[in-house]
Structures are given as C-alpha cells and as structure tokens.
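Please read the structure below before turning to the comments.
The values are calculated or read from the model by the stated rules, or taken from the named source; none is laboratory data. Predicted, not measured: the structure shown is a model, and the values here were computed from it. Heads up, the Cβs are rebuilt from the backbone with ideal geometry, glycines too, and the neighbour counts pull from every protein chain shown. All accessible areas refer to the heavy atoms of the entire protein, side chains included, with ligands and DNA or RNA removed. Shrake-Rupley method; radii C 1.70, N 1.55, O 1.52, S 1.80 Å.
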Amino acid sequence: MENTKTLAEYRFEKAAQCLAASKYAINQEDYHTAANRSYYAVFHAIRSILALCQVDFKSHGDVIGYFRKEFIKTEVFPKEMSKIIGKLFDVRNKSDYDDFYVIIKEDVKNQHDSAEYFLGEIRKFLDTQTGE
C-alpha cells in the first residue's frame, strides 16, 4: 500500500507542476500551451487516484472512462468534474491538432480555473485516503 501512496503523490505532484505551467503560459500569453497544461494537470490528477486503485491504462480515454465509472457515476466526486474533463479534453485536442484553432485569454483562464478546482477536489480525496 505504501508504494501506491507514493505513486499517487508523485502523480499528483506532476499534476500540480502542469497546473503551474498553465498559469505561467497564460502570463506569457501562450494560450495553446496553457490549454494543454491545464488538461494534463487534470489527467495526471486522475492518474493519482488510479494509483490508489492499483490500475492504469495506456489510453487517455480508458483513464478517463475508468475515473468516470468508478468515481463520478458513484458520486465520490460531483458530476461537474466529468464536464470539466470533457471540456478540457476537447479544447486541448482542438488547440493541439486544429491548425487554425484560436483560444482567447478568457477561455484559457477558465480552463485553468477549472483545472485548479479539479486538483483541489482530488487533493482533498487523496488526503482522506493517505492519512494526510
């Protein structure tokens, strides 16, 4: 169990680093990078929870699907968090892969704020599970 706690904390720290990078990118007016980092902050936060479950997946879709099934559908976390995942995923994909996708500061700031809320909820959960 100690290894799963260590892995969960490692993954959450990675999530926190992505969130900080998103904030930095916003300040640099690099909105595509900020959208990418906000999504990855949430993705790594989800994987921190999966570490406690001792499961992991190769695809983003499987990671997100498992989290939604085991933690959103069962109301461990509010349904709002599922919407956040979907929005962040969609914007990140468009920002990364659509050549002429334009994201404005207000939208990317909302992305960052949503990711920050998401990480806060995951942190609270991890603290209850790891005895922090």
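Here are the numbers for this structure:
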{"item": "Leading residue by the ranking (farthest from Ala115 (Cα to Cα)) among those in the stretch 75-102 that are open to solvent by 100 Å² or more (accessible area, probe 1.4 Å) and aromatic (Phe, Trp, Tyr)", "result": "Phe100"}
{"item": "Those residues of the stretch 107-132 which are over 16 Å from the mean Cα position of the chain (by Cα) and farther than 20 Å from Leu50 by Cβ, in sequence order", "result": "Asp107"}
{"item": "Residue check, Ile104 of a type in the set (Val, Ile, Thr), over 10 Å from Ala35 (Cβ atoms) and within 11 Å of the chain's Cα centre (by Cα)", "result": "no"}
{"item": "Residue that is surrounded by 14 or more Cβ atoms within 10 Å (Cβ to Cβ), aliphatic (A, V, I, L, M), under 14 Å from Gly120 (Cα atoms) and in contact (Cβ under 8 Å) with a residue 60 or more places away in the chain, where the choices are Ala8, Ala35, Ala16", "result": "Ala16"}
{"item": "Ser22 vs. criteria more than 12 Å from His112 (Cα to Cα) and either at pLDDT 95 or above or surrounded by fewer than 21 Cβ atoms within 10 Å (Cβ to Cβ) (or both)", "result": "no"}
{"item": "Yes/no for Ile49 being open to solvent by 20 Å² or more (accessible area, probe 1.4 Å) and of a type in the set (A, V, I, L, M, F, W, C)", "result": "no"}
{"item": "The stretch 103-132, residues that are open to solvent by 70 Å² or more (accessible area, probe 1.4 Å) and within 12 Å of Ala41 (Cβ to Cβ)", "result": "Glu116, Tyr117"}
{"item": "Tabulated pairs, the stretch 68-80, first aliphatic (A, V, I, L, M), second in a helix (DSSP H, G or I) and surrounded by 13 or more Cβ atoms within 10 Å (Cβ to Cβ), C-beta under 8 angstrom, 6+ apart or interchain", "result": "Ile72/Met81; Ile72/Ser82; Val76/Glu70; Val76/Phe125"}
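Residue-by-condition table, conditions (1) without any contact (Cβ under 8 Å) to a residue 60 or more places away in the chain; (2) among the β-branched types (Val, Ile, Thr):
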| site | (1), (2) |
| --- | --- |
| Lys23 | no, no |
| Asp30 | yes, no |
| Val42 | no, yes |
| Ile46 | no, yes |
| Phe57 | yes, no |
| Val63 | yes, yes |
| Gly86 | yes, no |
| Phe100 | yes, no |
| Ile104 | no, yes |
